[in-house]
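Everything on this sheet refers to the single structure shown next.
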Amino acid sequence: MIQGGHPLKGTMTISGSKNAALPLMAAALLADGPITITNVPLLNDIFTFNKVISETGTQVTFAREKRELTIDPAQMSSHVAPYELVRKMRASFYMTGALLGAAGHARVSLPGGCAWGPRPVNLHLEGMKALGAEIEMDGGYVIAKAPNGRLPGGSFTMIPSSVGATVNLVLAAVRASGKSVIRNAAMEPDVVNLCDNLNTLGARISGAGTPVLTIDGVDCIKSGTMNNTPDRIETGTFMIAAAMIPGSDVTLTDTLERDLGSFTDTFSKLHAGLEIGESSIRIRSADRIPPVSVETAIYPGFPTDLQAQWATMMTQADGKSTVTDHIYPDRFSYVPELVRLGADIERRDNMVTIRGRSKLKGASVMSTDLRASVSLVMAGLVAEEETEVLRVYHLDRGYEKLEDKLNSVGAVIRRVSD
Ligand code: EPZ
């Protein structure tokens with residue numbers, strides 16, 4: 001339940017990245033001893049993935065107050081990721097590359113789709129075949145095998161560039177017997193963070209952050225520590241929230257502006273106050289929000305994970321703008337909900353046109369997926385009276401203690417059980 005109209009003032013701490021932590025957790029299976037992962041956010045997706053990893057017999061310990069995960073694959077006895085868990089969190093599909101790389105064998109349920117449409121994994125499977133894996137399907141499961149128990153490695157060009165497929169192929173290739181080359185690889189900080197951490201533990205990956213990854217297979221990945229990186233999408237989300245609520249002055253700490261790619265340049269067009277520190281970003285809302293149109297693209301382009309939040313802010317702009325998603329053309333389930341709050345926004349194919357100057361008024365609205373739900377919360381922060389956001393379990397998958405963080409800087413949000 002959100003009371004609108006309260007400016008955000010104060011400091012908010014950014015949590016560790018969900019989308020960077022999940023690959024590190026899968027990579028831990030490749031090590032020949034315990035791996036400790038730092039700065040792990042307390043999110044349902046992390047808890048779900050802990051269950052998936054534990055299914056293999058691997059020991060998982062989560063020191064929650066320290067945000068530290070310890071994963072020890074020494075007791076790994078099974079190479080299966082079951083449907084009832086994978087369907088809850090599609091990044092569980094990373095178990096395919098991890099188990100192939102660690103044990104030469106994987107039986108992983110195909111992930112389902114999600115709220116905004118099909119999420120294919122063809123690139124993951126074609127890529128693994130290119131690395132020498134034998135892939136077959138059996139009752140909704142992928143059975144992946146390395147001939148003689150170890151992948152030889154190989155070359156693969158992915159079209160389009162895919163974050164998940166890049167992660168899965170890195171996991172499968174790092175302990176291959178030979179060399180692998182992945183072209184048109186994703187350049188997201190999530191991928192760079194995975195490669196950098198693996199390299200500190202003995203992997204030989206070059207080209208992280210560029211479209212060509214070269215991986216010389218090694219015999220073992222050492223036990224040790226992997227450092228997770230701050231959540232760039234949470235950072236971008238709170239930057240937008242601060243810019244769209246009049247009278248706001250927010251400092252985000254424990255974050256890295258360099259991971260935002262071109263988002264910072266786009267954000268600067270808002271003429272909001274922006275001060276970038278070593279590990280902090282201060283945002284002050286301006287007295288007006290100019291209309292700024294965006295189109296999503298792969299990193300370092302505008303992230304698809306921030307397009308719903310941006311469109312929500314543009315309902316408050318003093319002019320017309322458009323938001324176009326080239327990554328997920330159907331990721332607009334939040335639009336009808338914003339209309340319920342009084343937004344003047346309409347969708348055609350993969351583009352929404354936002355008229356701006358909308359006076360939003362509180363109403364009950366429905367979350368459908370992680371980023372759409374946070375956009376509805378942000379709309380509630382500027383809407384008059386009270387907004388009720390339903391099905392907030394979507395929020396808890398990707399935003400740690402969202403209402404606590406926002407209330408600590410002046411928002412008035414309470415969680416009630418329906
Ligand atoms: C990751 O999903 C993120 N999830 C998503 O964030 C994010 O929206 C997405 O990357 C794009 O940045 C995690 O990191 C856990 P993709 P992923 O494979 O890897 C097509 C969130 O909100 N494609 O880069 O699944 C696909 O259809 C989540 O935290 C294929 O065609 O995204 C899409 O159009 C939501 N075949 C494009 O590639 C494949 O085999 C990019 O998808 C794989 C992908």
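The values are calculated or read from the model by the stated rules, or taken from the named source; none is laboratory data. All values reported here derive from a predicted model rather than from experimental measurement. Cβ atoms come from the backbone with ideal geometry, glycine included; neighbour counts cover every protein chain shown.
So here's what we get for this one:
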{"quantity": "Matching residues in the stretch 353-373 - criterion: being β-branched (Val, Ile, Thr), over 20 Å from Val292 (Cα atoms) and either more than 16 Å from the ligand (Cβ to nearest atom) or at pLDDT 95 or above (or both)", "calculated": "Val365"}
{"quantity": "Identity of the residue in the stretch 379-393, of a type outside the set (Lys, Arg) and at pLDDT below 95, that ends up farthest from Asp344 (Cα to Cα)", "calculated": "Tyr393"}
{"quantity": "Test: residue in the stretch 77-88 that is surrounded by fewer than 17 Cβ atoms within 10 Å (Cβ to Cβ), within 26 Å of Cys220 (Cα to Cα) and touching a Gly at 6+ places or on another chain (Cβ under 7 Å)", "calculated": "yes"}
{"quantity": "Qualifying residue in the stretch 167-175 (condition: away from the ligand (no atom under 12 Å from the Cβ), in a strand (DSSP E or B) and touching a residue at least 12 places away in the same chain (Cβ under 8 Å))", "calculated": "no"}
{"quantity": "Test: residue in the stretch 370-388 that is touching a residue at least 24 places away in the same chain (Cβ under 8 Å), loosely packed, with under 15 Cβ neighbours inside 10 Å, in contact with an Asp or Glu (Cβ under 8 Å, 6 or more places away or on another chain) and not aliphatic (A, V, I, L, M)", "calculated": "no"}
{"quantity": "Residue in the stretch 234-256 that is in a loop (DSSP other than H, G, I, E, B) and small (Gly, Ala, Ser) present", "calculated": "yes"}
{"quantity": "Considering residues of the stretch 246-258 that are in contact with a strand residue (DSSP E or B) (Cβ under 7 Å, 6 or more places away or on another chain) and of a type in the set (D, E, K, R) only, the residue farthest from Thr229 (Cα to Cα)", "calculated": "Asp249"}
{"quantity": "In the stretch 29-62, residue surrounded by the fewest Cβ atoms within 10 Å (Cβ to Cβ) [restricted to those that are within 16 Å of the ligand (Cβ to nearest atom), farther than 29 Å from Ala241 by Cα and among the aliphatic types (A, V, I, L, M)]", "calculated": "Ile37"}
